[in-house]
1. Taking the conditions exactly as written (closer than 26 Å to E10 by Cα and touching a Cys at 6+ places or on another chain (Cβ under 7 Å)), does A87 satisfy them or not?
2. Please work out which residue is nearest to Q91 (Cα to Cα), limiting yourself to the stretch 12-56 and to residues that are within 14 Å of the chain's Cα centre (by Cα) and of a type in the set (S, T, Y).
3. What tally of residues in the stretch 90-113 results from selecting those that are closer than 16 Å to K33 by Cβ and of a type outside the set (A, V, I, L, M, F, W, C)?
4. Which of the residues belonging to the stretch 74-113 are of a type in the set (V, I, T) and over 11 Å from the mean Cα position of the chain (by Cα)?
5. Within the stretch 46-61, can one find any residue that is under 23 Å from K8 (Cβ atoms) and out of contact with any strand residue (DSSP E or B) (no Cβ under 6 Å at 6 or more places or on another chain)?
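A short reminder: the numbers here are calculations on the coordinates, not readings from a lab. Predicted, not measured: the structure shown is a model, and the values here were computed from it. Note that we place each Cβ from the backbone using ideal geometry, even for glycine, and neighbour counts take in every protein chain shown.
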Amino acid sequence: MSDNYVQKGEVIDWTNGTGSAVSAGDVIEFTDKIGIAETDIANGATGAVAVEGVFTLSKSTDATAGVFAPGKKVNWDTTNDRATLSATGIQPCGYCIETVVAATTTAKIKINA
């Protein structure tokens with residue numbers, strides 16, 4: 001193995017500097033990506049965050065939410081903590097892997113893809 005190898009990359013070590021504890025399953029917001037906390041991570045502690053995989057995430061349900069179709073690019077609404085099809089003021093999240101109508105509250109998302 002090379003001297004500069006760090007880790008495989010599906011799960012990364014992340015140090016929580018948010019000022020609050022993070023719970024397992026919470027979305028971690030990076031600049032242009034998201035991650036999912038695999039364990040509870042206290043403020044100032046380092047824990048495992050998945051940056052690849054399919055996760056069930058909360059999603060927008062308002063009248064303009066539209067259908068989340070397989071392969072449709074999805075963004076993360078950092079203000080409302082939910083997946084959305086809107087591209088205004090939000091960050092990339094991944095893509096939907098199944099059809100989900102607007103009124104549904106969750107969607108299965110392949111993150112960072």
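1. no
2. T31
3. 6
4. Correct list: T79, T84, T88, I90, I97, T99, V100, V101, T104, T105, T106.
5. yes
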